Amino acid sequence: RVDPEGDEAVAFAKVTGCRAQSACLQVSLSMWYQSGVYCPIGPDILRGGVVYRKDGTTPEETVLLSTHRPAADGTEVDCSDGDWILRRADPTRDYMVPEHGHFELGGTKLACLPAASSNVQFAVASCPGPNLTATTSGLQAMVVDDPSTSELADHWLHPCDCIPPAWGIEPPVSPEAFEAVPPKSSNSFIPPPFEIVSGQFVCPARSTLLNGVHFETDTEAMERDDCEARCKDEPGCNFFWHGTQQGANACRLFDSCDYLVRELGLEGRLSALPREASCQVADPETCWATTLRRQSLSSAISMPFHYWSLHQQCDEALLLGGSGVNQCARPTYRAPTSHPWSHKKPLPDTFRHGTELIVSCWEERYAGLRGAQSAGQETLHCVNGEWFNSADEPGLGSFVCGACVQIASPGYTDAERRNEQELYFFNRMQLSLFTEVSAQDSERVHCLEPGVGEEEIVLQQHADCGATLLAEADGITSSDSRHLRLLKGSDSSCLEGIMEGDSPIVVHRNCSSSNVAQQIPMDDVPGLLWRLHSQAHEQAGHRLAPGLIDCAGRGAVGRVDFGHLFKVSQAAIAAFVGRFQLPVSHDGIAGGTWTQVSDKAVGFTFTDYPGATRIRGCVSFTDNSKGVGSMKLRLRRIDGAGGTVYFMDDFGFTWSGSGLVHHACGQWHSMSAVDCGYGWGNTCQLDMLHAQGIHVLIHGFDFELGSDDVALATMYRGRFDVPVAYDGDSSSTTWRKINKRTGLGFDFSVYGDAAQVRGCLVFTDKSTSALGIKVRLRRTDKAGGAIYFED
């Protein structure tokens, strides 16, 4: 790769086949259409040379080059025998039979050059675009990079990438996405109002602006345009809903939208009002189908798309049977700085001789192979019109991108046969079910959970709801019903519908896949919650009591939500049990091979953490990544103990030129197979690699331990280190930056439903007064400097 600060070097390449009958000629003249590369048509027996042609954009620009022979061509002014002569191609007067070496050229003479003129030189031919593998869906499996630039993947575009200005309407860009980009914007613009979901879903009531609910009256219309105008006129309005409420046109304005809420009696469209510059994604539908839906169903990592959690929740409502949802939009906009994209452009039709390209595979779906051996990439060189790989084989030679396979437990094949693979993953997603019924000034919610009775199900008020159930689609469920399995305690308890007098209610009993009473219709969930609220209301002695039922307070069930905590069986946990540090260090280049980063061998025992069933690694690190490729860590036995790999995690990259400290946690893994003892026959080590082969600095590494038993859950959700160092004088008036590097970044989504954060500090000072040290968290100056808190 070219380093703009590096030294210059001269490289020589051998060009084979430099014979008059096969090599092209470079002609340099003052007339632009006469200059260029002329390539052989065939040998000229009559003139004793070769006839060459330069194809032009129009027939008038096509020129022929040959040796001038007066005996064959007649006398030409300023042309001697043996000179080069340029003639305009003239199909009406030229007669050519190249395979027999017969040429009669009657076109107009343009110029003559001496036979030894320096204006005519041997030329090397350009190469056509390399022959690359496309997927069955038309997406490019091979990633092409130009190493002469500092950016990566110059000639490859993912459908989730923003549309580069130079890409045009070439695949994977959809026509609709291309048309949505304003001219001359370079795809950085403030989008128009963007519809998130249509149907019965709105934002939480607590997000409604003051005086943010409007109805149509006899004197005031309330069409969608009126609602949009109201939102635009309110500086704090970022979402608006327009539709019908109990048959009347209505408009609601929201300052935020943390999650989607289904409200009975509504029918309309919820839209976001973007207020910052964004870039348009190349193909939102293909992006979701190829990448984001799998990411949503199998990872707790939040993706860098605007309104990501709302897109997830809308799709989950579809997977739960689609009740209340007419249509979900797909992630369409991203921050222009979220990923590298603006430099990309399609593969040119031709490449100059000497061009080098690096070809790798789309890591999401493919892996590089050279024969039967793994190969991360292949280098192509253009040599006189032909491509050769690093082994001097024509083209890519034996390098191919082999498709990955999905390995799954029993049941996946049936889901694939029905083209419902997403339900296989969704069955494992932990959900919470709650309502927003509460006093008007309260932000607490009512969570569905087992009661104190043997089979009782209740709605209990909490600040937030943890994951409480799985919504499973099995062999006898219909498209709109699910098997609701409780997570608390044993996993053998499921919701079951029964009759109590004249009212249907639910209890929890041992799960049975053949019991139709345990197939809960998703359309009935709002009614189920209403009946639970009514039951609790009556038991409290409030039946028919005046003044206790209002639209926002106790007794009104207007809002129902499946609150997805983005928890997956392998990506989240019900309860944190403990945490311990591992002595790990690395400060240097991380190659494409595994390197030990733990200090010698490490051993540990889980006996000090009763109830723990799963483990994950969390790391703070810095790299000088340019994108495409990430840091991976694995835990394994040492070579002398067999080398067994227990698990491996991908921690991404910082994309900050070594200026940002990045904290990330891996997936949760079962502890049952992990055995790292204190002897050379059973101890372990931690290894690291970075696919980009760049500088990596690891600041710290921890193992967190967790349990699937929600009974072990407390207010504590986790803890991570922030690399901080300071040793020197302090000031009572001036703040000093104490974190290492330029900035630091972290993602709270890896801690599930955590809602609060605090800092803990170990320090020493020489204080002799009551005044103490203060620490604050804020944005960097370049990011606006906003202060989040101060302690």
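The values are calculated or read from the model by the stated rules, or taken from the named source; none is laboratory data. Please read all numbers here as calculations on a predicted model, not as lab measurements. No Cβ is skipped: glycine too gets one built from the backbone with ideal geometry, and neighbour counts run over all protein chains shown. All accessible areas refer to the heavy atoms of the entire protein, side chains included, with ligands and DNA or RNA removed. Shrake-Rupley method; radii C 1.70, N 1.55, O 1.52, S 1.80 Å.
Taking the numbered list (1) small (Gly, Ala, Ser); (2) assigned to a strand (DSSP E or B); (3) closer than 23 Å to THR742 by Cβ in turn, GLY617 passes all entries but (3).
In the stretch 589-640, the residue that is surrounded by the fewest Cβ atoms within 10 Å (Cβ to Cβ) out of those that are over 14 Å from PHE651 (Cα atoms) and of a type in the set (Asp, Glu) is ASP639. Selection of first residues in the stretch 307-321 that are open to solvent by less than 10 Å² (accessible area, probe 1.4 Å) and of second residues that are among the aromatic types (Phe, Trp, Tyr) and assigned to a loop (DSSP other than H, G, I, E, B), restricted to Cβ pairs under 9 Å at least 6 apart or on distinct chains, gives the following pairs, ordered by first then second residue: LEU310/TYR259; HIS311/PHE305. Considered as a group, the residues in the stretch 115-131 that are assigned to a loop (DSSP other than H, G, I, E, B) and open to solvent by 30 Å² or more (accessible area, probe 1.4 Å) include one that is nearest to ARG19 (Cα to Cα), and that residue is VAL124.
When PRO504 is tested against (1) in a loop (DSSP other than H, G, I, E, B); (2) at pLDDT 80 or above; (3) open to solvent by 40 Å² or more (accessible area, probe 1.4 Å), only condition (1) is not met.
From VAL762, VAL724, which residue is out of contact with any Asp or Glu (no Cβ under 9 Å at 6 or more places or on another chain), crowded, with 17+ Cβ neighbours inside 10 Å and modelled with pLDDT under 85?
Numbers: VAL762 fails: crowded, with 17+ Cβ neighbours inside 10 Å.
On inspection, the qualifying residue turns out to be VAL724.
In this structure, does GLU151 turn out to be among the charged types (D, E, K, R), surrounded by fewer than 16 Cβ atoms within 10 Å (Cβ to Cβ) and either touching a residue at least 12 places away in the same chain (Cβ under 8 Å) or assigned to a loop (DSSP other than H, G, I, E, B) (or both)? Spell out how you get there, then give the answer.
Working: among the charged types (D, E, K, R): yes; surrounded by fewer than 16 Cβ atoms within 10 Å (Cβ to Cβ): no; either touching a residue at least 12 places away in the same chain (Cβ under 8 Å) or assigned to a loop (DSSP other than H, G, I, E, B) (or both): yes.
In short, no.
I'm told LEU266 meets every condition in (1) modelled with pLDDT of 95 or more; (2) in contact with a strand residue (DSSP E or B) (Cβ under 6 Å, 6 or more places away or on another chain); (3) open to solvent by less than 60 Å² (accessible area, probe 1.4 Å) except one. Can you identify the failing condition by its number? The number of the failed condition is (1).
Going through (1) touching a residue at least 60 places away in the same chain (Cβ under 8 Å); (2) in a strand (DSSP E or B) one by one, CYS112 falls short only on (1). Of all residues in the stretch 382-421, those that are surrounded by 18 or more Cβ atoms within 10 Å (Cβ to Cβ) and touching a residue at least 40 places away in the same chain (Cβ under 8 Å) total 9. Of all the residues in the stretch 368-390, those that are farther than 27 Å from THR350 by Cβ and in contact with a Cys (Cβ under 6 Å, 6 or more places away or on another chain) number 0. Note on the stretch 424-442: residues that are modelled with pLDDT under 65 and open to solvent by 40 Å² or more (accessible area, probe 1.4 Å) total 3. A residue that is part of a helix (DSSP H, G or I), modelled with pLDDT of 85 or more and open to solvent by less than 40 Å² (accessible area, probe 1.4 Å) occurs nowhere in the stretch 576-587. Residue-level check: of (1) open to solvent by 50 Å² or more (accessible area, probe 1.4 Å); (2) in contact with a strand residue (DSSP E or B) (Cβ under 7 Å, 6 or more places away or on another chain); (3) not hydrophobic (A, V, I, L, M, F, W, C), PRO192 misses just (2).
Please enumerate the residues belonging to the stretch 154-177 that are under 15 Å from THR332 (Cα atoms) and either open to solvent by 20 Å² or more (accessible area, probe 1.4 Å) or in a loop (DSSP other than H, G, I, E, B) (or both). Lay out the reasoning, then the answer.
Quick first cut of the stretch 154-177, residues under 15 Å from THR332 (Cα atoms) only: 158-164, 172-177.
Within the stretch 154-177, HIS158, PRO159, CYS160, ASP161, ILE163, PRO164, PRO172, VAL173, SER174, PRO175, GLU176 qualify.
Specify which of the listed residues (GLU60, GLU104, GLU8, GLU99) is under 24 Å from CYS382 (Cβ atoms) and exposed (fewer than 14 other Cβ atoms within 10 Å of the Cβ). Please lay out each step first, then the result.
Details: GLU60 fails: under 24 Å from CYS382 (Cβ atoms); GLU104 fails: under 24 Å from CYS382 (Cβ atoms); GLU99 fails: under 24 Å from CYS382 (Cβ atoms).
Within the list GLU60, GLU104, GLU8, GLU99, the selection yields GLU8.
Reported count of residues in the stretch 507-533, each being without any contact (Cβ under 8 Å) to a residue 40 or more places away in the chain and open to solvent by less than 30 Å² (accessible area, probe 1.4 Å), is 4.
Considering the stretch 1-104, the qualifying strands (runs of 3 or more DSSP E), each wholly inside and each with 1 or more residues that are within 21 Å of HIS353 (Cβ to Cβ), among the β-branched types (Val, Ile, Thr) and at pLDDT 90 or above, run over 24-27, 36-44, 49-54. Can you tell me which residue in the stretch 63-90 is least open to solvent (accessible area, probe 1.4 Å), limited to those that are touching an Asp or Glu at 6+ places or on another chain (Cβ under 9 Å) and among the small types (Gly, Ala, Ser)? If we take residues in the stretch 63-90 being touching an Asp or Glu at 6+ places or on another chain (Cβ under 9 Å) and among the small types (Gly, Ala, Ser), then SER66 is least open to solvent (accessible area, probe 1.4 Å).
Of the numbered criteria (1) assigned to a loop (DSSP other than H, G, I, E, B); (2) buried (at least 18 other Cβ atoms within 10 Å of the Cβ); (3) out of contact with any Pro (no Cβ under 9 Å at 6 or more places or on another chain), the one ASN249 fails is (1). Scanning the stretch 138-152 for residues that are of a type in the set (Gly, Ala, Ser) and under 22 Å from ALA289 (Cα atoms) yields GLY138, ALA141.
For every residue, the table says whether it meets (1) in a loop (DSSP other than H, G, I, E, B); (2) open to solvent by 20 Å² or more (accessible area, probe 1.4 Å); (3) among the β-branched types (Val, Ile, Thr); (4) touching a residue at least 60 places away in the same chain (Cβ under 8 Å).
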| residue | (1), (2), (3), (4) |
| --- | --- |
| GLU179 | no, yes, no, no |
| LYS184 | yes, yes, no, no |
| HIS214 | no, yes, no, no |
| MET222 | yes, no, no, no |
| CYS227 | no, no, no, no |
| CYS231 | no, no, no, no |
| CYS237 | yes, no, no, no |
| THR244 | no, yes, yes, no |
